[in-house]
Amino acid sequence: MASPPILELSNRARDIFRLVVEDFLDTGQPVGSKHLAQHRGISLSPASIRSVLKDLEDCGLLAAPHTSAGRMPTDQGLRLFVDGMMQVAKPTAQEIQAIERQLSEPGPIEEALEKTSGILSSISNAAGMVMVPQRDPSLAQMNIVPLDANRALAVVVGQDGHVENRVLDLPAGLSPSTLQEASNYITARLAGRTLAEASEAIRSEIAGGKSALDTASAGLVEAGLAVWSEDAAKRPVLIVRGQANLLDDSAMGDIERVRSLIEDLESKQDIAQLLESAREADATRIFIGAENRLFALSGSSVIAAPYRDREGKVVGVLGVIGPTRLNYARVVPIVDFTAQSLGKRIG
């Protein structure tokens with residue numbers, strides 16, 4: 001049943017509906033007529049309130065769980081509330097400071113992404129999610145630094161200052177001079193090119209016998225390029241932190257729903273595809289419960305926003321996932337502000 005436009009509800013029905021939703025989002029429990037009758041803004045008897053609740057239930061906005069005489073919002077009801085009644089709060093000064101402090105710390109971009117998912121989780125009390133940016137920046141240099149006799153660290157520096165590291169297995173007996181020769185050779189061909197462009201040029205030179213590298217150095221260069229491409233293919237596109245937040249006290253009464261949600265999170269590709277649909281959104285998007293087939297069983301909600309680089313290009317999506325009783329009014333602006341802050345960090 002399609003939910004009615006909010007303007008079709010009477011003032012009395014809107015007030016009672018809003019109180020039911022706000023109470024449910026706060027407590028996670030169905031709301032009864034006796035509780036509503038005690039609210040200072042409601043001057044109706046419990047019997048009159050029950051009549052309004054029944055009307056709202058008939059409209060598909062509320063539901064009455066069989067274990068309780070109270071009502072709780074349906075997914076349709078939550079959508080009506082979010083789109084037409086919710087008053088979004090601003091992040092607090094403490095929340096703003098916490099986000100900016102974490103994201104202003106220097107370090108590889110991977111650390112910033114990890115921190116972002118953790119920030120979203122801790123502030124929202126849900127699970128935080130960040131899509132890894134789809135980046136193919138122009139590169140400046142690559143150094144291969146020995147770690148021990150069997151391993152080296154391949155360090156690639158982008159022209160924008162972006163730094164990424166990969167561990168590389170070394171064949172036995174390689175000398176430090178071979179590592180330096182390989183580093184110099186790759187760097188000479190990286191300047192102003194993407195890794196894919198540089199890789200194609202280097203492999204073509206080696207295959208055509210046009211490179212001045214000896215056999216050992218050529219093998220190391222090819223191994224270095226291989227570990228980058230293999231690692232990129234295996235790299236998860238989604239970072240999730242804070243799954244433990246989903247196991248709160250209210251979840252224990254609905255363990256099957258929580259188990260289904262955890263399974264959804266383990267299937268990161270499906271969640272990633274959902275977040276991808278928010279890439280071109282002008283504002284934060286909210287996915288509620290069974291509105292999306294992915295959450296038909298778990299009854300979960302996602303609040304997601306794209307984050308952009310300083311040129312305004314969308315490079316990824318971040319958000320939170322949790323039960324449908326998320327505090328939307330509080331979490332939506334936090335997700336939006338975090339997206340803006342991460343965009344500044346990425347540059």
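The numbers here are math on the coordinates, done by the rules we state, and not lab data. These numbers come from a predicted model, not from an experiment. Please note: Cβ atoms are built from the backbone with ideal geometry, for glycine as well, and neighbour counts cover all protein chains shown.
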Inter-part distance where segment 28-77 and segment 80-110 are each reduced to a Cα centre, Å: 32 Å
Share of pairwise Cα separations in segment 44-103, more than 16 Å, in percent: 62 percent
Solvent-free Debye scattering, log10 I(q)/I(0), computed from the Cα coordinates of the chain at q = 0.08, 0.10 Å⁻¹: -0.52, -0.71
Positive-end residue of His39, Gly77, Gln180, charge dipole of the chain with Cβ unit charges: His39
Note, ³J(HN,Hα) from phi for segment 97-104, Karplus 6.51, -1.76, 1.60, rounded to Hz, x at Gly and Pro: 5, 5, 5, 5, 5, 5, 7, 8
Sequence ranges 307-319, 154-166, ranked by mean other-Cβ count within 10 angstrom, highest first: 307-319, 154-166
Solvent-free Debye scattering, log10 I(q)/I(0), computed from the Cα coordinates of segment 106-147 at q = 0.31 Å⁻¹: -1.06
Mean Cβ count within 10 Å, highest first, over the residues of peptides 23-30, 104-111, 181-188: 181-188, 23-30, 104-111
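Taking every pair of Cα atoms in segment 252-347, average 1/r, invert it to obtain the Kirkwood radius, and report Rg/Rh to two decimals.
Details: Rg = 13.9 Å, Rh = 13.8 Å.
Here Rg/Rh amounts to 1.01.
What is the mean projected area of the alpha carbon convex hull for segment 49-143, to one decimal in square nanometres?
Working: hull surface 44.0 nm².
For the Cα atoms of segment 49-143, the hull's average projected area reads 11.0 nm².
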Cα-based Lys pair tally, the chain, threshold under 23 Å, eight or more apart or on separate chains: 9
Spatial separation of Cα centroids for segment 155-215 and segment 277-344, in angstrom: 38 Å
Lys, Arg +1 and Asp, Glu -1 on Cβ, resulting dipole of the chain about Cα centre, debye, nearest 20: 840 debye
